[in-house]
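In what follows, a structure is listed as structure tokens, so that the remarks can point back to it.
Only the coordinates and a few stated rules stand behind these numbers; no lab work does. If you're wondering where the values come from, they're calculated on a predicted model, not measured in any experiment. No Cβ is skipped: glycine too gets one built from the backbone with ideal geometry, and neighbour counts run over all protein chains shown.
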Amino acid sequence: MPTLATTVDGLKLPNPFLIASGPPGTNFNVISRAFREGWGGVVAKTVSLDASKVINVSPRYGKLHAADGREVVGWENIELISDRPLEIWLEEFKKCKDAFPDRILIASIMEEYRRDAWVEIIERCEAAGVDGFELNFSCPHGLPERKMGSAMGENPDILSEVCSWVMAAAKKPVWAKMTPNVTHIESPARASLASGCHGISAINTIRSVIAVNLDTLRPEPTVEGYTTPGGYSSKAIRPIALRMCMEIATMIRNEFPGRTLSGIGGIESGHDAAQFILLGSDTVQVCTGVLKHGYELIHSMKEELLAFMEKHGFETLEDFKGKSLQYFTTHAELVRLQREAKKKAETDGDWKSETFVAQSHALSR
Ligand SMILES: Cc1cc2nc3c(=O)[nH]c(=O)nc-3n(C[C@H](O)[C@H](O)[C@H](O)COP(=O)(O)O)c2cc1C
């Protein structure tokens, strides 16, 4: 019988499924629900030292539906990080760890470009008992106006500096969460790992404009007649997330063996999760999938991943982590391989009267 249990950066998880930072991990109440339902871990909604600076608007979500008009395939949000005071969050982190001591609780943190701010938030969250950190360098809207979030994540030099501050202060494992809104995601990931981060989480949302309303001519989600570009998530981003995870995992293998990757982006089933693990992820995270289907989603995800493992005879996640990375190569190499395969097929083909002589010559080469 295969097992989903895994240990990542010293964190013991009953399964590799974590709630990704966002509404499904936004207070003690919902985090407890996630743990009761069986999620291996929760990355809480991103917190900062001064929540009074975080002001959300409404509506802040926009959806893209499939042709049937029902299924949601793409989801845009212009939601900020948590607007709840840090003092309340610290009490809730402590309550969570008291109630679920064997589950993994990761604090997602974001701060301004000041060493003392990052050190303070790390020390206060550690004192509240969290098991690890995810550094949110990736929110594409709102916070970049304060030089936070993806404004930092797009700049490997700033990332190096901030990650060094964090690593000097943190006693718990640290994952740096990447923005996909860059040309080469390996660059910021490499900067974070070179500064000592234990792992990378990828991806956050993709900067987007979900739609323009053809009656009002206003782009959505419309707030008092206006909007601002937001972050795109859900199924539609999965192929981009898979590509970026493949690139990061390849870089980790070559340059930072032993460091870890938490795959995120459009994951809604055990089969989606299996693909991220095959491309080198140690864990996977789900946000919009839970917004769409509820916390119970964990049951089918676990069953599907176990069924996949049974089918292939894999006993542990380690047995197939990164197994599909070897099948990526350059386009020029694909052309060469195909040319060779065709030549071989011609040579080894059945004897035909029209090509009999050519076939007999080919066999003697
Ligand atoms: C409504 C909403 C709010 C989010 N808030 C945060 C956040 O506070 N911090 C963060 O790191 N990521 C946040 N995210 C990004 C998710 O954690 C995740 O990286 C992204 O949505 C892609 O995964 P998914 O397709 O499973 O949603 C948010 C996503 C959504 C949809």
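Odds and ends about this structure:
- Separation of alpha-carbon centers, region 105-140 and region 285-332, rounded to whole Å: 28
- Prolate/oblate/rounded call for the chain, Cα gyration tensor, a/c under 1.5 rounded: prolate
- Checking the Cα-Cα distances for Lys94/Lys172; Lys53/Lys147; Lys53/Lys235; Lys97/Lys177; Lys235/Lys292; Lys172/Lys323 against a 21 Å cut-off, the pairs over it are Lys53/Lys235; Lys97/Lys177; Lys172/Lys323.
- Cross-link reach list, aspartates and glutamates versus Lys302, counting only Cα pairs under 13 Å and skipping chain neighbours closer than eight places: Glu37, Glu268, Asp272, Glu310
- Of the peptides 77-86, 104-113, the order by per-residue mean of other Cβ atoms within 10 Å, starting with the highest, comes out as 104-113, 77-86.
- Taking the Cα centre of the chain as reference, the dipole from Cβ charges on Lys and Arg (+1) and Asp and Glu (-1) amounts to some 440 debye.
- Phe137 sits among other residues whose Cβ lies under 14 Å from its own Cβ, and their net charge, with Lys and Arg +1 and Asp and Glu -1, is -2.
- Helices assigned as whole DSSP H runs in the chain whose Cα atoms extend at least 24 Å along their own long axis and whose mean Kyte-Doolittle hydropathy is 0.0 or higher are found at 238-255.
- Burial ordering of Met309, Met178, fewest other beta-carbon atoms within 10 Å first: Met309, Met178
- In straight-distance terms, cross-link reach from Lys352 covers every one of the lysines whose alpha-carbon lies under 18 Å from its own, apart from those fewer than eight places away in the same chain; here that gives Lys342, Lys343, Lys344.
- The distance from the alpha carbon centre of region 180-206 to that of region 77-99 is 25 Å, rounded to a whole number.
- Per-residue ellipticity at 222 nm, computed for the chain from helices alone with -39500 (n - 2.57) per DSSP H run of at least four residues, works out to -11500 deg cm²/dmol.
- The protection proxy used here, the mean number of other Cβ atoms lying within 10 Å of each residue, ranks peptides 54-61, 9-16, 284-291, 351-358 as follows, highest first: 284-291, 9-16, 54-61, 351-358.
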